[in-house]
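Student: One structure follows; several queries about it will come next.
The values are calculated or read from the model by the stated rules, or taken from the named source; none is laboratory data. Keep in mind the model is a prediction, meaning the values are calculated, not measured. Every residue, glycine as well, gets a Cβ built from its backbone with ideal geometry; the counts of neighbours run over all protein chains shown. Heavy atoms of the whole protein, side chains included, go into the accessibility calculation; ligands, DNA and RNA do not. Shrake-Rupley method; radii C 1.70, N 1.55, O 1.52, S 1.80 Å.
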Amino acid sequence: MSRHGKFITLEGMDGAGKSTHIPGIIQLLKARGIEVVSTREPGGTSLGEKLRELLLQEEMQPETEALLMFAARQEHLAQLILPALARGAYVVSDRFTDASFAYQAGGRGLAIEKLQTLEHWVQADLQPDLTLLFDVPVEVSIARLATARAPDKFERESADFFTRIRNAYLQRAAQYPERFAVINANRNIEDVWQSVHNVITTI
C-alpha cells in the first residue's frame, strides 16, 4: 500500500508523561492543515480495545502476551493506520512496535528474534517516520505511578522490570537514530513540550 501521510509514535515507560503531549501534537499538526488520526496501542480498533483489557489486566505467559500484542497490531494496521496513511493523514499513536521490544523483550525477557519474526510478519517494512521516546529515570517513573490511578499489571511491576524496559528503549533508539528523538521528560512540562514542539516542526 502506498503511503502519503506520516506515522508518528510516542514511546516511554509508564509514568514518563508521553500521553500528556498528544493533544498539543495534534493541535500543532492540525494548525498546518493536516488531517490527524490519533490512536493507541494496544487498542485503536474494537477488537484491539478488547484485547487491551486482557493484556493490561490478565496474567499470561510472555509468549501469549507478545502474540496478543501483535494480533491487536495486525487489526490496527489493517483497519486504521494503513488506510489513514494512504489517504495522506498523519497518524499519531501512543505506542507501537518499539513498546513490544521494550516490554516483552526487555521487560519479560523474550528472545528478540521472536519479536523480529512477528514484526516482519505483521508490518513488513513499515516503521514510524518519527518516534518520540520520553525518557525518565526509573525512580521518577515509579514515583509518578504511585500518585496515579489504579495501576495495571505492567505498572505494578518491580523497579528491575522498569530498568530493563528503559534500557531496551534506549538500545532501540541507538539502533534507529534516524527516526528516534529522545526527549528528556524529567523536566517541567513546559520545557518538555518545547522539545516536543521543536521535533514535530521538523517533520
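Student: For the range 156-166, what are the residues that are open to solvent by 80 Å² or more (accessible area, probe 1.4 Å) and either not acidic (Asp, Glu) or not in a helix (DSSP H, G or I) (or both)? If you could, list the steps in order and put the result at the bottom.
Tutor: Taking the range 156-166 and keeping what is open to solvent by 80 Å² or more (accessible area, probe 1.4 Å), we get 156, 160, 164.
Result: 156, 164.
Student: Looking at 56, 47, 67, 82 in this structure, which one is of a type outside the set (S, T, N, Q), over 15 Å from the mean Cα position of the chain (by Cα), closer than 25 Å to residue 15 by Cα and open to solvent by 10 Å² or more (accessible area, probe 1.4 Å)?
Tutor: Details: 56 fails: over 15 Å from the mean Cα position of the chain (by Cα); 47 fails: closer than 25 Å to residue 15 by Cα; 82 fails: closer than 25 Å to residue 15 by Cα.
Testing whether each residue is of a type outside the set (S, T, N, Q), over 15 Å from the mean Cα position of the chain (by Cα), closer than 25 Å to residue 15 by Cα and open to solvent by 10 Å² or more (accessible area, probe 1.4 Å) leaves just 67.
Student: Another question, if that's okay. Exactly one of (1) over 30 Å from residue 194 (Cβ atoms); (2) outside any helix (DSSP H, G or I); (3) among the aromatic types (Phe, Trp, Tyr) is unmet by residue 7. Its number?
Tutor: (1)
Student: Still on this structure, please answer the following. If the requirement is being at pLDDT 95 or above and out of contact with any strand residue (DSSP E or B) (no Cβ under 9 Å at 6 or more places or on another chain), which of these qualifies: 149, 164, 156, 179?
Tutor: On the way: 149 fails: at pLDDT 95 or above; 156 fails: at pLDDT 95 or above; 179 fails: out of contact with any strand residue (DSSP E or B) (no Cβ under 9 Å at 6 or more places or on another chain).
Result: 164 is the single residue among 149, 164, 156, 179 that is at pLDDT 95 or above and out of contact with any strand residue (DSSP E or B) (no Cβ under 9 Å at 6 or more places or on another chain).
Student: Select, from 173, 143, the only residue that is in a helix (DSSP H, G or I), hydrophobic (A, V, I, L, M, F, W, C) and open to solvent by less than 20 Å² (accessible area, probe 1.4 Å). Give the steps one after another, and end with the answer.
Tutor: Numbers: 143 fails: open to solvent by less than 20 Å² (accessible area, probe 1.4 Å).
Only one candidate passes the filter, namely 173.
Student: Continuing with this model, one more query. State whether the residues of the range 22-38 include one that is hydroxyl-bearing (Ser, Thr, Tyr) and either closer than 16 Å to residue 195 by Cβ or open to solvent by less than 20 Å² (accessible area, probe 1.4 Å) (or both). Talk me through it step by step, then tell me what you get.
Tutor: Within the range 22-38, the first condition is being hydroxyl-bearing (Ser, Thr, Tyr), and the residues that meet it are 38.
Next, from what is left, pick out any that are either closer than 16 Å to residue 195 by Cβ or open to solvent by less than 20 Å² (accessible area, probe 1.4 Å) (or both): none.
Scanning the range 22-38 turns up no residue that is hydroxyl-bearing (Ser, Thr, Tyr) and either closer than 16 Å to residue 195 by Cβ or open to solvent by less than 20 Å² (accessible area, probe 1.4 Å) (or both).
Student: Return yes when residue 101 is touching a Pro at 6+ places or on another chain (Cβ under 8 Å), under 17 Å from residue 182 (Cα atoms) and in contact (Cβ under 8 Å) with a residue 12 or more places away in the chain and no when it is not.
Tutor: no
Student: Follow-up question, since we're still on this one. Return the pairs, sorted by first residue and then second, in which the second residue is loosely packed, with under 13 Cβ neighbours inside 10 Å, the first residue lies in the range 26-53 and is of a type outside the set (Lys, Arg), the beta carbons are less than 6 Å apart, and the residues are 6+ apart or on different chains.
Tutor: The qualifying pairs are 36/30.
Student: Pick from the range 101-132 the residues that are of a type in the set (S, T, N, Q) and farther than 15 Å from residue 173 by Cβ: which of them is surrounded by the most Cβ atoms within 10 Å (Cβ to Cβ)? It would help to see each step written out before you state the result.
Tutor: Residues of the range 101-132 of a type in the set (S, T, N, Q): 104, 116-117, 123, 127, 131.
Next, from what is left, pick out any that are farther than 15 Å from residue 173 by Cβ: 104, 116-117, 123.
Working: 104: 25, 116: 13, 117: 12, 123: 18.
It comes out as 104.
Student: On to the next question. Only residues in the range 114-131 that are farther than 15 Å from residue 103 by Cβ count as the first member; pair them with residues that are of a type in the set (A, V, I, L, M), Cβ under 6 angstrom, at least 6 apart or cross-chain, and list the lot.
Tutor: Close Cβ pairs (under 6 Å, with a partner that is of a type in the set (A, V, I, L, M)) amount to 130/8; 130/203.
Student: Output the residues belonging to the range 85-100 that are crowded, with 20+ Cβ neighbours inside 10 Å and within 13 Å of the chain's Cα centre (by Cα).
Tutor: 91, 92, 93, 95, 96, 97, 98, 99, 100
Student: Restricting the search to the range 153-169, which residues are in contact (Cβ under 8 Å) with a residue 60 or more places away in the chain and either under 15 Å from residue 16 (Cβ atoms) or of a type in the set (A, V, I, L, M, F, W, C) (or both)?
Tutor: Taking the range 153-169 as the starting set, the residues that turn out to be in contact (Cβ under 8 Å) with a residue 60 or more places away in the chain are 153-155, 162, 165-169.
The answer is 154, 155, 162, 165, 166, 167, 168, 169.
Student: So if I check each of 132, 85, which one is within 30 Å of residue 33 (Cα to Cα) and out of contact with any helix residue (DSSP H, G or I) (no Cβ under 7 Å at 6 or more places or on another chain)?
Tutor: On the way: 132 fails: out of contact with any helix residue (DSSP H, G or I) (no Cβ under 7 Å at 6 or more places or on another chain).
One residue alone meets the criteria, 85.
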